[in-house]
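**Student:** Sharing a structure with you now.
The values are calculated or read from the model by the stated rules, or taken from the named source; none is laboratory data. As the structure is a computational prediction, the values presented were derived from the model and not from experiment. Neighbour counts are summed over all protein chains in view; Cβ atoms, including those assigned to glycine, are modelled from backbone coordinates with ideal geometry.
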Amino acid sequence: MYDAIFVLGPQGSGKGTQAKLLADKLRFFFWDTGAVLRRNANVATASGERAGDILKTGRLFTDEELLSVVRQELMRLPREQGVVFDGIPRRVGQAEFLLGLLREQGKTRFATFFLDIPAEESRKRLLLRAEKEGRSDDTRGAIGRRLADYEANTVPMLPFLREHTEFFEVDGTPSIQEVEAHIAQALGIS
């Protein structure tokens, strides 16, 4: 089995849903980056700013700020605790840092599940989510910017993870249950 599993994909691919289902199934810590940052609102980042102040302003965390919070949160987990990550890493520098930090903690077996969906399917799902949930961050313009950021930063990181983790590419277009079954099959679990 693995010490840490990364669940990645474009916005709307279901990565958060699948990461949570997998963490529950394996009894791993579920790393939801947004929840971790909110929980660590009083933690001072590498820049000296509190994480909560950054969240309130709506500006994005720099890699240094984000990774200082990541380091502190991971240090709280028991060494033997497995982790399923959702929302991180998003860039090569984050991936390098995160794998190094996990290795420092004695975690050496890593897997990545990349949930692949076409850009048009991603847009369609995000617009539907905005309609259902009333999410203000899922406007056409915001979706376009987020998908462009994903293409510019996350896609170039995938070869790094292919090289340094066991990498599974999963079609993210079927139902939640079908994708969950494909992931379980790849891990040899039910």
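**Student:** For the stretch 56-67, check the following and say yes or no: at least one residue is surrounded by 19 or more Cβ atoms within 10 Å (Cβ to Cβ) and either modelled with pLDDT of 90 or more or not in a helix (DSSP H, G or I) (or both).
**Tutor:** yes
**Student:** Could I ask something else about it? Residues to consider are 67, 55; find the one that is over 17 Å from residue 7 (Cβ atoms) and touching a Phe, Trp or Tyr at 6+ places or on another chain (Cβ under 6 Å).
**Tutor:** 67
**Student:** Inspect the stretch 94-112 for any residue being outside any loop (DSSP other than H, G, I, E, B), among the small types (Gly, Ala, Ser) and farther than 19 Å from residue 166 by Cα and give the result as yes or no.
**Tutor:** Scanning the stretch 94-112 turns up no residue that is outside any loop (DSSP other than H, G, I, E, B), among the small types (Gly, Ala, Ser) and farther than 19 Å from residue 166 by Cα.
**Student:** Any chance you could count how many residues in the stretch 125-166 are surrounded by 17 or more Cβ atoms within 10 Å (Cβ to Cβ) and not in a helix (DSSP H, G or I)?
**Tutor:** So the count comes out to 2.
**Student:** Can you give me the number of residues within the stretch 2-55 that are modelled with pLDDT of 85 or more and on the phi > 0 side of the Ramachandran plot?
**Tutor:** Total meeting the criteria: 4.
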